[in-house]
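Worksheet for the structure shown next.
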Amino acid sequence: MRYVSTRGGMPPTPFTGILLEGLAPDGGLSMPETYPQVSRADLDAWRRLGYRDLAFEIFSRFMDDIPSADLRDIVYRTYTAAAFGSDDITPLSTLEPGVHLLHLSNGPTLAFKDVAMQLLGNLFEYVLAKRGDELNILGATSGDTGSAAEYAMRGKQGVRVFMLSPDGKMSPFQTAQMYSLQDANIFNIAVKGVFDDCQDMVKAVSNDLSFKAKYRIGTVNSINWARLVAQVVYYFKGYFAATKGNDEQVTFSVPSGNFGNVCAGHVARMMGLPVRRLVVATNENDVLDEFFRTGRYRVRPSSAVAQTSSPSMDISKASNFERFVFDLVGRDPKIVAGLWKQVDTNGEFDLSATPYFARLADFGFVSGRSSHADRLATIRRVHATYGVIVDTHTADGIKAGLEQREAGIPLLCLETALPAKFSATIVEALGHEPARPAGFDRIEALPLRYDVMPADAEAVKRYIEARC
């Protein structure tokens, strides 16, 4: 398996050659030259597998330059009952016949990002040890990516983490999860801005190729292909849990800000998983919903990004969206590079009058949007009807999924975090605090360790230089 850039400026490269790199040298994103195809016989065999063996089968098709025995060992060390609460890793529960909740938030930081980050930590350590190398991870988070990355990389040999987050714009629980870590290889930076500013700083540093090479800069954001592949597994796992045979189709509803989670569903569908629809659920920052309704991708300025009660989706530049557009335009890197040049110049592109927009239906994408009032109503409805409390982002996914539900097609709503991480909105909706898992009772009272910085890529470069 070889990987190329969405913008055409990278020679075909094996998996371990892109694992530590983040952005491709031309500013694009790594994509497999072709998607490995899953046959009906594969689906029949995989249906019987547990999570770890299923993950190995999928990863071995994308990471074929890692010896099988080593890859299997990494997978088995990553996906344990101790780390994820049970051997199911991502269990499925049924809310009512045909409507299911895929539980992705049983990892160390109570968010779906753990499924990928725990793997990434072990892959990084393995490859760095083989090379005798070190890595400085530069990441941006709107809430859950940061804590999941930091918990996965704590104490890892040869790894430092520099994590940017928008100052004062995460929930108190999310903030405490990150800023309370005292590990010597973890550095938290609160940026005076919004998530998009943090993400722009990461991209600016990654595009400084000499600095990136000198300081061995890598990324754990969802632009990292290994993170996305790790998420492909639970689409297969959820499909098998919700169906009885491989002639059935399902629909997944996915809360989405940066497009990484739902892009993993797109990859699973392209591999041959029988997915009817992928519902892209946004909050008030509805850049993606606008595109799938109209064909216009219109990035908002930082000043126009709303601060919402589902803050992990307070994003207006969906990094992984470029991967889908690459497939949408027939994998023509010149077209992709031109579209993103328009984004850099004008803040948008418009495919509404092109044949590409007409092809959207071929990929199964539909979308929906939620407001704060919708979120509260959905949390109340789910609790009253099913006796289940969901977090704010999952509520966005449930609302959009139910709006797009089709008779006879199982709907799987992806749970993206536990409600304890967003307790203020749960209290507003239900009048009481959600339950907290053991060990998180007084996390907000822990001492915090972080530095404040302006939204300036040069400032973060100086910060990294001083600590390496």
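No lab work stands behind these numbers, since they all come straight from the coordinates. All of these numbers come straight from a predicted model, not from anything done at the bench. Methodologically, a virtual Cβ is constructed for each residue, glycine included, from the backbone with ideal geometry; neighbour enumeration extends over all protein chains shown.
Counting each DSSP H run of 4 or more residues in the chain as -39500 (n - 2.57), what helix-only mean residue ellipticity at 222 nm follows after dividing by all residues, to the nearest 500 deg cm²/dmol?
Only helices count here, giving -13000 deg cm²/dmol.
In whole Å, what are the Cα extents of region 4-63 along the three principal axes, biggest one first?
42, 21, 13
Taking only the Cα atoms of region 32-86, how large is their convex hull per residue, in Å³?
88
Any idea what log10 I(q)/I(0) is at q = 0.09, 0.12, 0.13, 0.20 Å⁻¹ for region 96-227, Debye with uniform C-alpha scatterers and no solvent?
-0.26, -0.46, -0.53, -1.18
Separation of region 108-123 and region 418-468 by C-alpha centroid, Å?
17
Only counting other Cβ atoms within 10 Å, I'd like His103, His383, His393 sorted with the fewest neighbours first.
Working: His103 22, His383 17, His393 34.
The most exposed by this proxy come first: His383, His103, His393.
For region 73-164, divide the Cα radius of gyration by the Kirkwood radius and give the resulting Rg/Rh value with two decimals.
Rg divided by Rh gives 1.06.
At what distance in nm do the modelled label points of Arg2 and Ser60 sit from each other, each positioned 7 Å from its Cα along Cα→Cβ?
A separation of 2.4 nm, rounded to one decimal place.
Expressed in nm to one decimal, what extension gain is obtained for the pair Thr385 and Leu448 from 0.36 nm per residue of sequence separation less their Cα-Cα distance?
Length difference between fully extended and current span is 18.8 nm.
Return the Cα extents of region 242-298 along principal axes one, two and three, sorted largest first, each rounded to a whole Å.
Principal-axis extents of region 242-298 (Cα, largest first): 40, 18, 18 Å.
First measure r as the distance between the Cβ atoms of Asp247 and Thr80, then evaluate 1/(1 + (r/R0)^6) with R0 = 45 Å and state the FRET efficiency to the nearest 0.05.
Approximately 0.85, to the nearest 0.05.
Once you've got the Cα coordinates, tell me which of Lys421/Lys461; Lys192/Lys461; Lys317/Lys399; Lys130/Lys156; Lys317/Lys341 are over 21 Å apart.
Those over the limit are Lys421/Lys461; Lys317/Lys399.
Ala438 to Ile409: FRET efficiency via 1/(1 + (r/R0)^6), r the Cβ-Cβ distance, R0 45 Å, to the nearest 0.05? Before the final figure, lay out each step's value.
Values: r = 38 Å, r/R0 = 0.84.
Approximately 0.75, to the nearest 0.05.
Stick to Cα atoms and the Kirkwood definition of Rh, then tell me Rg/Rh for region 363-437.
Ratio of gyration radius to Kirkwood radius: 0.99.
For region 9-116, what is the convex hull volume of the alpha-carbon atoms per residue, in Å³? Please list the in-between numbers first.
Details: hull volume 16.7 nm³, N = 108.
Per-residue hull volume (Cα only) is 154 Å³.
In debye, nearest 20, what is the charge dipole magnitude of region 236-341 about its Cα centre with +1 on Lys and Arg Cβ and -1 on Asp and Glu Cβ, if you could check?
So the dipole magnitude of region 236-341 works out to roughly 240 debye.
Describe numerically, in nm with one decimal, the distance between label points set 7 Å from Cα along Cα→Cβ at Tyr356 and at Asp456.
3.6
Based on a Kirkwood Rh over C-alpha pairs, give the Stokes-Einstein translational diffusion coefficient of region 221-338 at 37 °C and viscosity 0.692 mPa s in µm²/s.
Answer, rounded: 215 µm²/s.
Simple spin-label model, 7 Å along Cα-to-Cβ: Cys468 to Arg47 in nm?
Label-label distance for Cys468 and Arg47, simple model: 5.0 nm.
Can you give me the C-alpha center-to-center distance between region 70-89 and region 309-337, rounded to a whole angstrom?
Centre-to-centre (Cα) distance: 30 Å.
Separation of region 1-68 and region 209-281 by C-alpha centroid, Å?
Result: 12 Å between the Cα centres.
Give the share of C-alpha pairs in each 10 angstrom bin for the chain, from 0 to the last occupied bin, in whole percents, shortest bins first.
4, 22, 34, 29, 11, 1
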